Every structure is written in structure tokens, then in C-alpha cells.
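The values are calculated or read from the model by the stated rules, or taken from the named source; none is laboratory data. Values in this document were obtained by computation on a predicted structure and should not be read as measured data. Note that we place each Cβ from the backbone using ideal geometry, even for glycine, and neighbour counts take in every protein chain shown. Accessible surface areas use protein heavy atoms only, side chains included; no ligands, DNA or RNA. Shrake-Rupley method; radii C 1.70, N 1.55, O 1.52, S 1.80 Å.
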Amino acid sequence: MNEDRERAWRASRETKLETIPNCEACAKPTAEEVRGWAQSFDKLMKSPAGRNVFREFLRTEYSEENMLFWLACEELKGECNKHSIDEKARVIYEDYISILSPKEVSLDSRVREVINRKMQEPSSHTFDDAQLQIYTLMHRDSYPRFLNSAIYKALLQSVSRAASEA
């Protein structure tokens, strides 16, 4: 019986993961918006276009899982249905917290222990501490490199050129 439930859960999880688009749908950012990303990590993360470009950069650094985890936590926070919360929390745990996952995010042992306790009765805020830790890691570690990256500089040059031609 348990094996059947596990098999069904994994099948539904794989189907759901396949339907997640590679990037968020968004309009092309303006030159002002792109320049704003250099002023504040929060501005970058509040912008769907900013998250897409930053995610593209993270992929080049082999740390895209940080953004994927952060986005999954944001989606979980918007969930109200108890069954959906349980399912999404388990998927997030399996994909990003489990030491067996190839997409495991880097968390300290205190946060891992808190998550393990909270997973007994998951809520939409089960991963809040971990999400903050990953957000802080991206802000302090990846964001400064992003601002100096060819990806960001090329986009900034492209939107600036387009704005001056308009």
C-alpha cells in the first residue's frame, strides 16, 4: 500500500515539475528598470524580468537551484489548500532540502533542523527561515558578481541603446 502511494506521488510530482516553465512570463524590461536592479537586490527580485536574467546568470554559476528554491517558496506562501500545501512542501523538501537531491541548497544545520520539525505538519511558511538564508546568500554572494557579469552589462547596453534610439 505504501509503495503504491509513493509511486503515485512521484508520478504526480514529475508531471507537475515538467509543466513548470523555464522562465517567468514577463515584458521586456525598460532601461530605467534594468539600471534600478544595480541599485537594489530587492528591486531585482521583485521584477519578473530581473529574476529571469538573474536566474540565467545563476545557471552559468551552477547555482540556479537557489532561485528555483526561492520561487518555489514564494509559490508555497500563496497556497491556501492544506492538501496542496502538504504536497508542495514535500516536493520542495525532496528537490531542495534533501541531502540526496542534486539540486540541494546550502543551508546551515539549525535551519535544516527547524525544517525537519516543521515537515511533521507543513504550512505555507515551513521554509521561511531557509528562504531568507538563500535570499541573503544570493544577495551577498551572487548579486555583486551578477552586476559585473557580461549578461547584465550586455542587457544594460542593449536596453540603453534601444531607449536612446526611441
task = Select from the range 23-70 those chymotrypsin sites (Phe, Trp or Tyr not before Pro) which occupy a DSSP coil region and have at most 12 other Cβ atoms within 10 Å, ordered by residue number.
result = TYR62
message = At 7 Å along Cα-to-Cβ for each site, give me the label-to-label distance between ARG140 and SER106 in nm.
response = 1.1 nm
message = From the protein chains alone at 1.4 Å, what is the descending order of accessible area for LYS43, LYS103, largest first?
response = LYS43, LYS103
ask   = How much length is gained on full extension from CYS26 to HIS83, taking 0.36 nm per residue of separation minus their Cα-Cα distance?
value = 17.6 nm
inquiry  = Once ligands and nucleic acids are excluded and a 1.4 Å probe is used, how much of LEU68 is accessible, expressed in Å² to the nearest 10?
reply    = 40 Å²
Positive-end extreme of charge dipole, the range 33-166 - chosen from LEU68, ALA162, ASN81 (charges on Cβ) = ALA162
query = Once phi is turned into ³J(HN,Hα) by the Karplus curve 6.51 cos²θ - 1.76 cosθ + 1.60 with θ = phi - 60°, what whole-Hz value does each residue of the range 105-110 show in order, with x for glycine and proline?
reply = 8, 8, 10, 6, 5, 4
note = The lysines whose Cα lies under 24 Å from the Cα of LYS77, excluding any fewer than 8 residues away in the same chain, are LYS16, LYS43, LYS46, LYS88, LYS103, LYS118
request  = Subtracting the Cα-Cα distance from 0.36 nm times the residue separation, let me have the gained length for TYR62 to MET119 in nm, one decimal.
outcome  = 17.8 nm
ask   = Among SER164, SER123, what's the order by accessible area (1.4 angstrom probe), most exposed first?
value = SER164, SER123
request  = Mind checking the range 78-166 for GluC sites (Glu not before Pro) that DSSP puts in a loop (not H, G, I, E or B) and that have at most 16 other Cβ atoms within 10 Å?
outcome  = GLU79, GLU104
